[in-house]
Amino acid sequence: MALLQVSAHGHREGGDQMSSQGTALTARVSRIFPALAAALVFSLASVAVPASAAAIDPTSIGTEIVLLPAAMSVSPTSINFGDVALGTTATRTITITNTGKATLFFASFPLGGFSLGATTCTASLGADQSCTRDIVYQGYQVSSTESYPYITYTAVGNQTVTEQLHLKAASVLPNAKFTVSPATVDFGTVVVGTTVTRTLTMTNTGEVPLTFVSFSPGGVSQDATTCTATLGVNQSCTRDLSFKAIQEATLTSYPVMTYKTPYQYVSKNLTITARGVWADAEITVTPTSIDFGNVTVGSSATNTVTIKNTGAVTLMSPQVYMSGVTLGGTTCGGALAVGQSCTRAIIFSPSQVGAVTGSVSISYTTGYQLTGENLTITGRGVAPLIKTGGFLGL
């Protein structure tokens, strides 16, 4: 408690001397403590002096002016912000309470490594009143920060009250991460000349937005995508990958997808597998052998074969090679779709007497491979009948 002791003295006669000294004393208090002058009414004239007293001992009259005590509390006084990701801020709130009787006036609060945020405090804080101040921490590089700042208030009568705080925080790399599903992309068996598509889904499962950097999937193509340059927190996007088989071979690649924040790069490894195979190209020709039997030399006989695409891919560019026979009419065109059939006429025209053995080879292509069937041809050329003298003979 701060005390101001002021003494006054005077004589008995009518109290005149005491009154004049009291006036002077009041004026002196006003000069020294102007803030008190408005709150304190002080007069020595109010001091009771016995009229019958012959004299007054100067030490027997005294006036005491008591300053209101100043005190405050701060809660909490120790704050650990914990790990704060770079690029983000963390805020904690302290409560300041005037626990004394005097009005407090804010003086200073140097934080060192931290900053002040929102507050309900004003320039003064009345007795038994409270206010709040936010303390903000933002890290700019990976490091730890510790500070022991003082918060200071003043009060009338050169009173000063302080509280020391302990502030602690650590700046860390942000929790940057994402997932890719599926992480292993298997295109399976892909027929040469055809294309298969798979879709990747990327999801930002971290705490900061990510910026796309690169993705080079070897051996496959990137097609349609919903992804943009930035992938927000908890957001997802898709990328289509396509594989076109151009030969019979197996593909295995391990591409890397990379995103970044202003402070770090994050990547995911993927596995891509595919197998190119020749299409199941196949035809059936029925019948597979033709026996024309005896055919008179100089005449001809015709048989028809049916060709059917029993494979899994359209057949094109038919080729027919033959010996011992010739081709007749056909319903076959330039392409034969899966499951379709067409016919070809095979003509046997012997030019001499005797047995004839021939063959027919029918083939198609898929653009990448050939498929075909061979037919066996047999027949016999015989001499024509000759009519002489009414008799029929050879």
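Descriptive notes on the structure:
- Some residue of the stretch 299-318 being exposed (fewer than 14 other Cβ atoms within 10 Å of the Cβ) and under 30 Å from MET202 (Cβ atoms): no
- Residue in the stretch 160-179 that is without any contact (Cβ under 8 Å) to a residue 40 or more places away in the chain and more than 32 Å from the chain's Cα centre (by Cα) present: yes
- Reported count of residues in the stretch 193-205, each being surrounded by fewer than 20 Cβ atoms within 10 Å (Cβ to Cβ) and either in a strand (DSSP E or B) or of a type outside the set (S, T, N, Q) (or both), is 8.
- In the set THR238, THR226, THR189, only one residue is under 30 Å from LEU370 (Cα atoms), outside the structural domain of ASP83 (by TED's automatic domain parsing) and loosely packed, with under 14 Cβ neighbours inside 10 Å; that residue is THR189.
- Only residues that are of a type in the set (Val, Ile, Thr) and within 53 Å of the chain's Cα centre (by Cα) were counted across the stretch 310-343, and they come to 4.
- Criterion applied to ASP128, ASP223, ASP134, ASP186 was being at pLDDT below 95 and of a type in the set (D, E, K, R), and the one residue passing it is ASP223.
- Filtered residue count, the stretch 240-282, keeping only those that are closer than 16 Å to PHE187 by Cβ, acidic (Asp, Glu) and assigned to a loop (DSSP other than H, G, I, E, B): 1
- Condition met for GLN138 (surrounded by 13 or more Cβ atoms within 10 Å (Cβ to Cβ), of a type outside the set (A, V, I, L, M, F, W, C) and more than 16 Å from THR89 (Cβ to Cβ)): no
Here's the yes/no breakdown for (1) loosely packed, with under 13 Cβ neighbours inside 10 Å; (2) aliphatic (A, V, I, L, M); (3) modelled with pLDDT of 95 or more:
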| residue | (1), (2), (3) |
| --- | --- |
| LEU336 | no, yes, no |
| SER341 | no, no, yes |
| PRO350 | no, no, no |
| GLY354 | yes, no, no |
| THR365 | no, no, no |
| TYR368 | no, no, no |
| GLY372 | no, no, no |
| GLY381 | no, no, no |
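- Being among the hydrophobic types (A, V, I, L, M, F, W, C), within 27 Å of GLU207 (Cα to Cα), without any contact (Cβ under 8 Å) to a residue 60 or more places away in the chain and in contact with a strand residue (DSSP E or B) (Cβ under 8 Å, 6 or more places away or on another chain) holds for only one residue in LEU116, LEU111, LEU86, LEU125, and it is LEU116.
- Residues satisfying the stated conditions in the stretch 122-179, i.e. out of contact with any Asp or Glu (no Cβ under 6 Å at 6 or more places or on another chain), among the small types (Gly, Ala, Ser) and assigned to a strand (DSSP E or B): SER124, SER130, SER143, SER144, SER147, ALA155, ALA169, SER171
- Residue in the stretch 92-110 that is closer than 28 Å to VAL233 by Cβ, at pLDDT 95 or above and either among the β-branched types (Val, Ile, Thr) or assigned to a strand (DSSP E or B) (or both) present: yes
The values are calculated or read from the model by the stated rules, or taken from the named source; none is laboratory data. Quick caveat: nothing in here was measured; it's all calculated off a predicted structure. Glycine also receives a Cβ, built like all others from the backbone with ideal geometry; neighbour counts cover every protein chain displayed.
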